[in-house]
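First the structure, in the form of structure tokens, and then the observations on it.
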Amino acid sequence: MHPVRRLSAASTASRLALAALAAAVAAPALASDAGDEAFYQRASDCAAAMQVDQLALVAKARAGDKTVRPQLLELTRLGFAYVGEAYLKGLRDPRGGNMLKAATAEQKDWPEARHKAMVAECRIEARKVYDDAGFWQWAIDNKANKRVDRFLSMPPLPASSASK
């Protein structure tokens, strides 16, 4: 009977050790989750802010401005860097899309100065995310180029829409 007790005691000790290890591992995971959540929110806020400028450049291109491609590509690349990093950290749709929609709705009535300040901050942050992407830069660049090509292949706006 004693061998069973020893096994049971050893089993209990093993279970306690595993529980302690799991708790130790879970604590940093919770901190990481909080950090990821903050990143998701910032990425959504920045993507929404930069999207306003991106769409303004698309409108210029559709109105006939052929010089916007470099600016549009850079802004699209930075937006994809943020989105890609959020994806790699675990953010998925529909939640990601909903967060972007909420950020867009929140920012729609911001004064121009607040918008410009936000975009300036976000561009710096997104540039760091892009620079730190390493191997994934090729995917960001590829996706950004395809998106910009699609934007620039859109037909010109009708004359009445371009003047609005």
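Here, each number is a calculation from the coordinates, and none is a lab measurement. Since the structure is predicted, the reported quantities are computational estimates derived from the model, not experimental observations. Cβ sites come from the backbone with ideal geometry, for glycine too, and all protein chains shown count toward neighbours.
Quick notes on this one:
- For segment 36-162, the fraction of C-alpha pairs farther apart than 26 angstrom is 21 percent.
- Cα-projected label distance for residue 109 with residue 136, points at 7 Å along beta-carbon direction, nm: 3.5
- Chain lengthening between residue 124 and residue 149 when straightened (0.36 nm per residue, less Cα-Cα): 6.6 nm
- Note on residue 69/residue 95: beta-carbon distance plugged into 1/(1 + (r/R0)^6) with R0 of 22 Å gives a FRET efficiency of 0.10.
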